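The next block holds one structure in the form of structure tokens; read it before the comments.
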Amino acid sequence: MTTSARDPRPVTIPITELEQSAFCQTDSELRTRTLEDEFKTGVEWQKVPIRYLKLKPDEISEGIAEVKAELGKDLTILGHHYQRADVVQYADFRGDSFKLSQMAAAEREAKYVAFCGVHFMAETADILTSPEQEIILPNLAAGCSMADMARSEDAEDAWGDLMGILGETDEIVPITYMNSTAAIKALCGRNGGIVCTSSNADKAFDWALARGKRILFLPDQHLGRNTALAKGIKADEMIIWSPFKPLGGNSPEAIRRSKVILWEGHCSVHTRFTPQQIDDARTKYPDVNVIVHPECIQETVAAADIYGSTEKIVQEVTNAPAGSVWAIGTEINLVNRLAKENPDKTVFCLDPIVCPCATMYRVHPAYLLWVLEGLRGGITINQIKVPEATADEARLALERMLDLAR
Ligand code: 13P
Ligand code: SF4
């Protein structure tokens, strides 16, 4: 059924978005507490056996180190840059979404891959690894509020509507940001589309525009808009697709006139960064370099000196000369780590209120210990397995993305 044929569905805010401020604070040191204490903020995380609730951070650390050593080469731990320090320290490989997907595709030895990141990343790892390898997400509740803003059935409805109006796939090419369900990646694979991350959105736009007249970009309107503007596509050539409105809130004429159709999704972490924060940083440090992630709003990206993917932010700050000053618009766990790893530079977060990504934060080290102890006991807890038919189609779109870098 298409959106034009059904009533608009009520606006629902993903639970992950509602929980986003659960760990906001003014102290930039985010200290891991026992799971029991972190549960007191009222968050709805996956239930674990009672023993793990009370374990202290150092007891957890000892346990993880011990099981990791026992499992040896059978286990690889992947960690996204936004994971808390107490988790990322165990990662065999650290990276942004793109780098981690390349690592998953190259990993052939480990029987188990524990993915310390969020659900869509673990799905991607499952799609790119061999069928015998098992991918584990330590806390099944670690989703992504942006990915939750694009339900697969709404994306299918939208595609049906767009095909009804535009008729042919060379009229429109779907691109989905990595931060989306495997089913949306499959939609892209099946319809001549591609996946991108913030590291290669620019190349994915070129790829798509060489194959079709316009782009449907899901689910982050800001990454889509910032990428399009950088290519010289004008603001009035872009429209927003709201999943809650018939035809996304557009007329058939507006759809035919558009060059880029932006799904109405956003990242609750990166949309907190504002041009005012950049002005404040420049007042305090006249020599500051401001670098932000492209999930930030257009005005923030325009006011920054540099914008780029998580990996680009890491490279820029790491390679900068001693004494330089960096104000960063991205997730606080990464900013804190960069500040620690670059003591010869001044590195700080643009936002004075410290708000970690609430869903990345759900990977508390106690969950990692729980799943690793499961493996030691011969049980795979929290395996992420994408149904084969979906995985086959999603892999097409992912491999098109990986080919952009080859
Ligand atoms: P990258 O890892 O592609 O920079 O994306 C950032 C992000 O928000 C991951 O969820
Ligand atoms: Fe999702 Fe934003 Fe968190 Fe990334 S930082 S996982 S896009 S909510």
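The values are calculated or read from the model by the stated rules, or taken from the named source; none is laboratory data. This structure is a prediction, so every number in the text was calculated from the model and none was measured. Methodologically, a virtual Cβ is constructed for each residue, glycine included, from the backbone with ideal geometry; neighbour enumeration extends over all protein chains shown.
Out of (1) closer than 21 Å to Ile384 by Cα; (2) part of a helix (DSSP H, G or I), the odd one out for Phe115 is which?
With respect to (1) closer than 21 Å to Ile384 by Cα; (2) part of a helix (DSSP H, G or I), Phe115 is out only on (2).
What is the one condition in (1) more than 17 Å from the chain's Cα centre (by Cα); (2) within 13 Å of ligand 2 (Cβ to nearest atom); (3) among the hydrophobic types (A, V, I, L, M, F, W, C) that Val113 does not satisfy?
(2) is the only condition that Val113 fails.
Taking segment 357-381, which residues are in contact with a Gly (Cβ under 8 Å, 6 or more places away or on another chain) and not in a helix (DSSP H, G or I)?
Answer for segment 357-381, where residues must be in contact with a Gly (Cβ under 8 Å, 6 or more places away or on another chain) and not in a helix (DSSP H, G or I): Thr359, Val363, Thr380, Ile381.
Residues checked against (1) assigned to a helix (DSSP H, G or I); (2) in contact with a strand residue (DSSP E or B) (Cβ under 9 Å, 6 or more places away or on another chain); (3) closer than 27 Å to Thr197 by Cβ:
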residue: Leu223; (1), (2), (3): yes, yes, yes
residue: Asn226; (1), (2), (3): yes, yes, yes
residue: Asp236; (1), (2), (3): yes, no, no
residue: Phe244; (1), (2), (3): no, no, yes
residue: Gly248; (1), (2), (3): yes, yes, yes
residue: Ala254; (1), (2), (3): yes, yes, no
residue: Ile261; (1), (2), (3): no, yes, yes
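In segment 263-286, what residues are assigned to a loop (DSSP other than H, G, I, E, B) and under 23 Å from the mean Cα position of the chain (by Cα)?
Answer for segment 263-286, where residues must be assigned to a loop (DSSP other than H, G, I, E, B) and under 23 Å from the mean Cα position of the chain (by Cα): Glu264, Gly265, His266, Cys267, Ser268, Val269, Phe273, Thr274.
Within segment 74-105, which residues are surrounded by fewer than 18 Cβ atoms within 10 Å (Cβ to Cβ), at pLDDT 95 or above and either in a helix (DSSP H, G or I) or in the same structural domain as Ser180 (by TED's automatic domain parsing) (or both)?
Asp74 - this is the single residue of segment 74-105 that is surrounded by fewer than 18 Cβ atoms within 10 Å (Cβ to Cβ), at pLDDT 95 or above and either in a helix (DSSP H, G or I) or in the same structural domain as Ser180 (by TED's automatic domain parsing) (or both).
For segment 139-170, name all the residues that are assigned to a loop (DSSP other than H, G, I, E, B) and not small (Gly, Ala, Ser).
Hits for segment 139-170 are Asn139, Leu140, Cys144, Met149, Arg151, Glu168.
Table: residues versus (1) surrounded by fewer than 17 Cβ atoms within 10 Å (Cβ to Cβ); (2) among the small types (Gly, Ala, Ser); (3) within 15 Å of ligand 2 (Cβ to nearest atom); (4) over 25 Å from Leu100 (Cα atoms).
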site: Glu311; (1), (2), (3), (4): no, no, yes, no
site: Gln315; (1), (2), (3), (4): yes, no, no, no
site: Ala320; (1), (2), (3), (4): no, yes, no, no
site: Val325; (1), (2), (3), (4): no, no, no, yes
site: Glu331; (1), (2), (3), (4): no, no, yes, no
site: Lys340; (1), (2), (3), (4): yes, no, no, no
site: Lys345; (1), (2), (3), (4): no, no, no, yes
site: Val354; (1), (2), (3), (4): no, no, yes, yes
site: Ala358; (1), (2), (3), (4): no, yes, yes, no
